[in-house]
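The values are calculated or read from the model by the stated rules, or taken from the named source; none is laboratory data. These numbers were taken from a predicted model, which means no experiment stands behind them. Accessible surface areas use protein heavy atoms only, side chains included; no ligands, DNA or RNA. Shrake-Rupley method; radii C 1.70, N 1.55, O 1.52, S 1.80 Å.
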Amino acid sequence: MSERKTKTASDNERPRWPRPAPVVGLREAGTNREYRLPAVATISLGAAADCDVTIASPLISGVHCLLERDGEALRLRDHGSKNGTYLDGRKRSSGDVLDGSLLVVGTTPLFAFSEHSAVARRRLQRWLGFADTWQVAVDNALRLVTSDRPVIFVGPKGSEPHRLARVMHEAGPRGSYPFLRVTAAQLETLAAQEQTLEQAQGGAIYVGASKWPDDNALLVERLTRPTPLVRLYSGAKSRGSATYPRSPGFALDCAVVTIPPLVQRSGEIGLIVSEFAAEIASVDLNLAAEAVAVLARYAWPHEISELLEVTEAIAWAAKLGSLRKAARHLGKTHPTLSNALKRVGLDPKQVGL
């Protein structure tokens, strides 16, 4: 079987979101700095202070380029800039700007985003980091959302990579198709592989693989087509321990997404808990500073899995009015939830429970 060209997440591939969505803003790559586009027909972008989008740089012309709306479409037109405008890796005088397109003006890279991709990015940040330190990794993961490349998640035990895989799957072009989580043992025979691929129906599979089946020719053939039959996600504790189906070039074609340990994100713990609480129980959680400080000091030896357990208890208790009601809702005992909070150093009274 021939090897495919090895790609990286930053390759100049046109993004493929599940449905066209109007571009509502630009964001500087590798940062959280965003420029929301005004609701006007023609938007000026340049270094001049009176531009609709002003980016101060000696390499950007006063009015560098124009973005012109045509219904929900957005079209780029270079305005005779000194250094040119690049769109998805090519110098262009004009071109269509899509959700996820990469514009470069001067040396400033800008990702175009829609409300849909902005929500997807925010969900990725819960796992990968909110601070600017982590934004290159978040950008790469967001680019992978619209790709078909296999993804290996590398992170400490308890980082729940299958959940992050589902987030990426649901946001991407295969999101309306099934997402299956299987073990390598469930793929041991050709019949089992065929059944799994059939059940995936063009969606994605997450394989928790410490060792791939020896006979994986069928999987490799289906996964290495120019348009794979299904998309593959997997996980490993470290890059060196990652395993792959036996195929020339398959390991090289896999993208790696690293999930940082929570101890490296201690300053974000309060925000992470609030974000997950909103998703879990649709509650606007406003933790006291004392409680946030306690959570930030905790080492989180079981990573996201432990944090989600604690967040679930806090979120449902806040929504329902008591920890006992939360326990009944979740089918757990009150001591179970109370002990989960105490284990991380929280007195239930600290969070008003």
Accessible area per residue, Å², the stretch 38-89 with all protein chains present, probe 1.4 Å
50
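If a/c stays under 1.5 just call it rounded; otherwise compare a/b with b/c (prolate if a/b is bigger, oblate if not). Do that for the stretch 129-185, with a ≥ b ≥ c from the square roots of the Cα gyration tensor eigenvalues.
Working: a/c = 2.15, a/b = 1.25, b/c = 1.73.
Oblate shape, in that a/c is at least 1.5 and b/c is the bigger or equal ratio.
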Find the accessible area per residue for the stretch 114-222; the probe is 1.4 Å, ligands and nucleic acids are left out, and the unit is Å².
40
For n ≥ 4 DSSP H runs only, could you compute -39500 (n - 2.57) per run for the chain, divide by its residues and tell me the 222 nm figure to the nearest 500?
-10000 deg cm²/dmol
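Rounded to a whole number, what % of the accessible area of the chain do carbon and sulfur atoms account for, probe 1.4 Å? Before the final figure, lay out the partial values.
On the way: 8440 of 16450 Å².
That fraction is 51 percent.
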Could you give the distance between the Cα centres of the stretch 261-329 and the stretch 180-242, to the whole Å?
33
